[in-house]
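The structure appears below as structure tokens.
The values are calculated or read from the model by the stated rules, or taken from the named source; none is laboratory data. Because the structure is predicted, anything quoted here is derived from the model rather than measured. Positions of Cβ are backbone-derived with ideal geometry, glycine not excepted, and every protein chain shown enters the neighbour counts. Side chains are part of the model used for accessible areas, which takes the heavy atoms of the whole protein and leaves out ligands, DNA and RNA. Shrake-Rupley method; radii C 1.70, N 1.55, O 1.52, S 1.80 Å.
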Amino acid sequence: MKQQRWIRAGWPPIVVVILVLLLWQLAVTWGNTASWLLPSPLKIVTEGTTDMPRVWMHTLATIKIMLIGFVVGSGLGLVLASVLHIVPGFKAGFYPLLILSQNVPTIALGPLLIILFGFGVLPKIILISLVCFFPVTMATLDGFMQTDRMMYNYMLMLGASKRQIFFKLELPHALPFLFSGLKISATYSVMGAVIAEWLGGGQGLGYYMILQKSSFRADREFVAILVIVALSLLFFWLIALLEKWIIRWNVKRSS
Amino acid sequence: MKQQRWIRAGWPPIVVVILVLLLWQLAVTWGNTASWLLPSPLKIVTEGTTDMPRVWMHTLATIKIMLIGFVVGSGLGLVLASVLHIVPGFKAGFYPLLILSQNVPTIALGPLLIILFGFGVLPKIILISLVCFFPVTMATLDGFMQTDRMMYNYMLMLGASKRQIFFKLELPHALPFLFSGLKISATYSVMGAVIAEWLGGGQGLGYYMILQKSSFRADREFVAILVIVALSLLFFWLIALLEKWIIRWNVKRSS
Amino acid sequence: MSKLELKNIHQSFPSKKQTTMVLSDISLKVNDGEFVSIIGPSGSGKSTLFHIIGGLLMPTSGEVLLDGTPVTGQKGLISYMPQQPALFPWRSIEENVILAQEVAGIARDHALAAAREWLPRVGLGGYEKELPHVLSGGMQQRVSFLRALLSPKELMCLDEPFGALDALTRQEMQAWLLNIWEQNKRSILFVTHSIEEALYLSDRIYVLSNKPSTVLEELVVPFGRPRQEAIMKDVLFQELRQHIQGHLRKEVQHDQGR
Amino acid sequence: MSKLELKNIHQSFPSKKQTTMVLSDISLKVNDGEFVSIIGPSGSGKSTLFHIIGGLLMPTSGEVLLDGTPVTGQKGLISYMPQQPALFPWRSIEENVILAQEVAGIARDHALAAAREWLPRVGLGGYEKELPHVLSGGMQQRVSFLRALLSPKELMCLDEPFGALDALTRQEMQAWLLNIWEQNKRSILFVTHSIEEALYLSDRIYVLSNKPSTVLEELVVPFGRPRQEAIMKDVLFQELRQHIQGHLRKEVQHDQGR
Amino acid sequence: AQPNAGATASPSAAMTTAASQAPVKKLTDVKVVLDWTPNTNHTGLYVAKDQGYFEQEGLNVQIIQPGEGGADAMIASGAADFGVSYQEGITQGRIQGVPIVSIAAVIQHNTSGFASPVAKNIKSPKDFENKTYGGWGSPAENAMIESLMQTEKADPNKVKIVNIGDADYFTAVKRDIDFAWIYYAWTGVDAELRGEPMNMIYLNKYSDKLDYYTPVLATSEKMIKEKPDLVKAFTAAAAKGYQFAIDKPEDAANILIKAVPDLDPKLVMASQKWLSPRYKDDAPRWGEQKRSVWDNYANWMLDHKLLDKNLDVDHAFTNDFLPASSK
Ligand SMILES: Nc1ncnc2c1ncn2[C@@H]1O[C@H](COP(=O)(O)OP(=O)(O)OP(=O)(O)O)[C@@H](O)[C@H]1O
Ligand SMILES: Nc1ncnc2c1ncn2[C@@H]1O[C@H](COP(=O)(O)OP(=O)(O)OP(=O)(O)O)[C@@H](O)[C@H]1O
Ligand SMILES: [Mg+2]
Ligand SMILES: [Mg+2]
């Protein structure tokens, strides 16, 4: 029965993915789209297997900085949300900075980061963290604001300290929001890593992609894109799974 | 009293902004940072006022596509979330596509959009919408999932149709989540517009910025960034205000 | 013909370790226009029974019949007042009252007019436009009660409708409910914790045992209609009360042993 | 010296149109080791009064004294059971029970041991590890009650602790509370809707009028301790009951006029 | 390093051989940042690294690909010691006070120009009339088109200019665009490989002023002032690298392919063969820059209001670090 449920839950995404690939293949084949513009899935897969070892190497490099960036970023996001929530006045005060952090374009920020931190992995991690922290912070802050009024009042009456209210009530209550933010961040983290790799350096899917693009190798460029999408999906599902595992009290439907 | 509250709420962000600008000015002045790398706020403001008319024109262009993109994107995001939530199987099925939509880098997507839709405003709107819809969809979907169990059961017992449950319960209940998503989207929308302007076209802050960068006018580049940040802030606050105005039942603290 | 009939309802909930049997072979019925009460220890499964009648839960086994047709698992056929008020926080009081009517497809204007007419009668005049969070517990319960009362269904299932009311307001609401019921004779299934309330209001009373719950006794209340509060002082009333109490006492004491 | 003293408490809530006066010049006290009940119509402001005592609300005017020192607006000094259970859905039953103790700084192990010892006594043995949503309304109320009972504060404020319990479970809990109280004589302030309950349990009873609420009467209950349930059949008991009921009836009828 | 290096007995080679025999000389770390993704403009650098020319000069060179921000800021700020840049960038940058200096011209003549699919029939600037140009929105492009068209007395106002942003030539000409500005060595060669013939209008064919250096090797003023020896060593090794690429295009291409395996080998090979003879071209030695070229282009820019003041040409470039002679 458990297996059946897996199959039941598993088929819709598989069907959709297959459908999309099929449509794509047909569009390319019949639509006469030039393959240097939009290669067919078949071509991409063929190319991907041919260039496998290098793609794999680049993928590993990307996964590494993505994971570090995501963990640092969303960890920071949670801490930041907590601090902004707990310290009065901070939230209003720091909103402008939060928004600022998302609105300095990479082309302006990148050179500054590199000049400050060199060509190593640090500026990349910073960039990915910058991408990842924001949805987490925003969603978690909103979560804190939504704390159940009755429970909050009860905690106040108990004489709970701010700290106790935070850890015993607000934080667990905001978990669904936190995960909402984490899922958004997880989705962005791979792209964040790719963009960070454009900062420079000689490996990673971002590097590979831009190189292929500049040699007009659309097929290989799309290999990179496919890997990126697959990575994000995987990562997203991992976070979603974690959510299911942690948030178990919200059994909604007794159907 | 009302005025006092405004002043009370207004000062933390103002203080922080002033502090940051001050620090920046000092860092540039004392740190001997070359002004072609990071111009001082004073220089930026001076330059901004000098080049005012052109900056203003570009700002208007950006605001226009940003607004259209945001409205289309987040409207679509809400509709999409609703459809995915209501139609069984769709949610699981379409997650991969949602994630895909966020993981095709602009450098690959841009050319495709241009081939399909030309160099006009349409591909830009599409790009901005693509940026904006995602946080809205994800947050709203999570909101739908968090619907209060007791109320949901009550609606079921009443024999409410899926439609009724959706409009009378799930949608209003998910509003805080929706706004959480909208605020994230609002923050991204300006950057989205700037990136979209790199797709081509001869106006907008993105265009202005890249042009200034290529002629090493860091001061003007930062004028553009400052305007971008200011726009985002403004837009974010607008959405936050709207949220406060719409979600009035969640009076949390009777203090 | 009976309005509602439950046939051999069993219900068990799977839990981490073992499965808890909550209802064990419950059969009961409510005739057309009859006022039937259910009394039982806390946690015996009364609310669960209502969920089954309302179609929210599929019973592990057994059948629900409404007007003679099997409706097990069908929703939207009864008017229901849940144990917890479950008011929608974003709706004003009057909008909360009309919710059940809205869902049943009654025109909003019409429903609102009715709500505004009835709210003062449950002591909530002047609160029409307020949001639920400003109401006291008892006031919320009255809103929830009114919502069920105005729902256009023939069978009303009320889960402890007056639990959060003070003795006097409660008596008033009882008298008032009785009055309404005697006028239009809807069928009512009523869960209460007060034996007096059950005796005062009902035609028949089912006494449930502790978990797993069975029908301990079915008791026909021998008082005529219309009833006055005075019957509460009747000797027979007191005797019946003692009788039911005795039954329950055994149950609850038995329970303590677990 | 009195444990708790309220001096001329006024409370009004600003609303959209006008300001509603809820409490008007309430003064009352609870002596050391005394069991005091408050009875009043639904919506008269009993829960509001508790919020003021607990420091959640600053009264519009008036003072709260605990052990003679003014503590208006200070929180965390009393043990409190809210009208709605307010259980934390992500905590298991036993973790919910120890919440108040945790906040008061009692070691978790110690608190858990106490919770596990007491849970079976309120009929919830075997539910220690379950989440609150599997409990029935009455069971949740008992959890909330236990949570307040185990809180290490000298004054206990209970807001309708037994409202959702059936008659028998209720009697049992009453007897049991009385027993505990007689053993360690904590001071108790008790809101109830049942006049019998108030008479059976309390040393003194305050009867509140309808909104704006004033103390209609302060009544000393003349029965000795320890008390038996048998006193409920006492003639004096019935007379007192009638007396209070009469008071309230006027209030509630008066209220209908609005 | 593989000492299979060209054992050509030049004085500098003799000197470095001696140096390499000295007991383990410590290498100086040097960062070189490219202008964009690695391509045949950079072959000499990769060759110099692969063949050990840098090492012989006591340098441990790391070649870095820049981000979207380009290399100039990295070079000028010292985040990278050397880099690849363009004459137009250095000109504009210096006007804005960016302390960057060109130390060698990678290619002697401007290989860029306006390309269009043959079918569009654009053979000379006058054919631009009533056609659509796809660019990135820089005023320099307008000026460029204007200049070219004026030589044939055509009306530049009849050209429609569209900003195509990041879209490349191949994408652009598929959609509304008739011609675009490209470097032949890469895009043009790729078009050849794909069999999409194009008409190419080289800038320098129509105006000497537009025969500027692109790309160039550059460094910062600070490096020149503080570490002239290092600059000299670097330039010398790079010159050897480019000389190798001039002499052995195929070997050089293979070195580049090996160093950057993700590149398309066919394109690299074809591009290298096209480009190798053009590195030095008619100059007396690789890397030589003429004052007139800098002056011409700066004046042209000034004439077209692309600069707001005169360029101090003499500080913008230097030949001082190029090896004294080259064969
Ligand atoms: N979803 C569930 N999972 C497991 N057990 C459940 C679930 N729902 C209810 N129960 C169990 O069923 C029993 C009956 O619950 P129910 O709410 O029907 O009691 P009740 O008779 O209404 O009690 P009360 O008078 O206290 O409201 C309880 O013991 C409860 O623990
Ligand atoms: N935040 C608020 N804003 C406005 N009015 C309020 C607010 N809180 C309570 N009230 C009003 O105060 C009155 C008393 O409420 P309270 O909850 O204290 O009543 P109560 O005596 O506990 O009633 P019950 O027995 O029904 O629980 C009610 O009329 C309520 O409408
Ligand atoms: Mg129940
Ligand atoms: Mg109350």
Per residue solvent-accessible surface (Å²) - chain E, probe of 1.4 Å: 41
Förster radius 25 Å - calculated FRET efficiency between A:TRP249 and C:GLN18, Cβ distance, rounded to 0.05: 0.75
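Find the accessible area per residue for segment B:39-254; the probe is 1.4 Å, ligands and nucleic acids are left out, and the unit is Å².
On a per-residue basis, segment B:39-254 sits at 35 Å².
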Total accessible area lost when C and D pair, probe 1.4 Å, Å² to nearest 100: 3300
Other protein chain Cβ atoms within 10 Å, averaged over every residue that makes up B:187-196: 3
Segment D:84-152: relative contact order in percent, alpha carbon pairs under 8 Å with at least 6 residues between: 51
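Can you tell me which of E:214-227, A:42-55 comes out highest on packing, and rank the rest after it, using the mean Cβ neighbours within 10 Å? Don't skip to the end; give the middle numbers.
Values: E:214-227: 20.3, A:42-55: 15.7.
My ranking of the peptides, most packed first, is E:214-227, A:42-55.
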Estimated FRET transfer efficiency (D:GLU239, C:GLU128; beta-carbon r; R0 41 Å; 0.05): 0.50
Nearest 10 degrees, 0 to 90: helix C:137-149 Cα axis against chain C principal axis: 90
Over 18 Å between alpha carbons, listed pairs A:LYS183/B:LYS183; E:LYS49/E:LYS222; C:LYS211/C:LYS250: E:LYS49/E:LYS222
Label-point separation, B:VAL83 to E:ASN204 (7 Å along Cα→Cβ), nm: 5.6
Counting DSSP beta bridges with both ends in the protein assembly as shown, the antiparallel % (nearest 5): 55
Other-chain or far-sequence residues with amide H under 5 Å of C:GLU217's (modelled H): C:VAL207
Portion, in percent, of the accessible area of segment C:140-258 that falls on carbon or sulfur, probe 1.4 Å: 51
Separation of the E:ASN157 and A:LEU60 label points, Cα + 7 Å toward Cβ, nm: 6.4
Average accessible surface area per residue within segment C:90-195, 1.4 Å rolling probe, Å²: 29
Gap separating the Cα centres of segment A:222-239 and segment C:26-96, nearest whole Å: 48
Out-of-range pairs (alpha-carbon distance over 24 Å; input D:LYS7/D:LYS153; A:LYS91/B:LYS244; A:LYS213/E:LYS126): A:LYS213/E:LYS126
Gyration tensor (alpha-carbon) shape descriptor, chain E, a/c threshold 1.5: prolate
Approximate spin-label separation A:ILE18-E:LYS26, in nm, with each point projected 7 Å along Cα-to-Cβ: 6.5
Over chain B: helical MRE at 222 nm, DSSP H runs n ≥ 4 each giving -39500 (n - 2.57), nearest 500: -27000 deg cm²/dmol
Taking the C-alpha atoms of segment A:39-254, convex hull volume expressed per residue in Å³: 145
Alpha carbon convex hull of the protein assembly as shown, volume per residue in cubic angstrom: 205
Note, ³J(HN,Hα) from phi for segment E:139-152, Karplus 6.51, -1.76, 1.60, rounded to Hz, x at Gly and Pro: x, 4, 5, 4, 4, 4, 5, 4, 4, 4, 5, 4, 4, 10
GNM top mover of B:PHE90, B:PHE222, B:PHE236 - chain B, alpha-carbon springs below 10 Å: B:PHE90
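In square nanometres, what is one fourth of the surface area of the convex hull spanned by the alpha carbons of segment B:1-102?
On the way: hull surface 49.3 nm².
For the Cα atoms of segment B:1-102, the hull's average projected area reads 12.3 nm².
May I ask you to derive the FRET efficiency for E:GLU192 and B:VAL45 from their Cβ-Cβ distance with R0 = 56 Å, giving the value to the nearest 0.05?
It comes to 0.65.
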Binned Cα-Cα distances of segment E:100-255, short to long, each 10 Å bin given as a whole percent: 10, 32, 29, 20, 9, 1
Among A:GLY200, A:LEU97, A:SER185 the positive-end extreme of the charge dipole of chain A (Cβ point charges): A:SER185
Average partner coverage of C:124-137, which counts Cβ from other chains inside 10 Å: 4
Nearest-ten-degree value, helix D:108-118 long axis tilted from longest Cα axis of chain D: 80
Shortest-first distances to equivalent copies, position B:LEU241, nm, label 7 Å out along Cβ: 4.6
Prolate/oblate/rounded call for segment D:1-157, Cα gyration tensor, a/c under 1.5 rounded: prolate
Antiparallel %, DSSP beta bridges [both residues in chain D], to 5: 55
Within 10 Å of each Cβ in E:188-201, the average number of Cβ atoms from other chains: 1
Overall dimensions of segment A:65-187 as given by Cα atoms, namely Rg and Dmax in Å: 16.5, 54
Rounded if a/c under 1.5, otherwise prolate or oblate - segment C:123-176, Cα gyration tensor axes: oblate
Within straight-line cross-link reach of E:LYS123, lysines at Cα separation under 27 Å, skipping those fewer than 8 residues along the same chain: E:LYS131, E:LYS153, E:LYS158, E:LYS160, E:LYS174, E:LYS205, E:LYS209, E:LYS273
Chains B and C, summed buried accessible surface - 1.4 Å probe, Å², nearest 100: 2000
Rg in Å to one decimal, and Dmax rounded to a whole Å, for segment C:84-152 via C-alpha atoms: 10.5, 30
Shortest-first distances to equivalent copies, position A:THR50, nm, label 7 Å out along Cβ: 5.3
Estimated dipole of the protein assembly as shown in Debye, rounded to 20 [Cβ of Lys and Arg +1, of Asp and Glu -1, Cα centre]: 460
Solvent-accessible area buried by B and A, counting both chains, probe 1.4 angstrom, square angstrom: 5900
Rounded tilt (10° steps) of B:149-158 against the dominant C-alpha axis of chain B: 50
Chain C: most fluctuating residue of C:THR192, C:THR72, C:THR20 per GNM, C-alpha cutoff 10 Å: C:THR20
For chain C, built as a Gaussian network whose Cα springs stay under 10 Å, the top-fluctuating residue of C:LYS233, C:LYS46, C:LYS17: C:LYS17
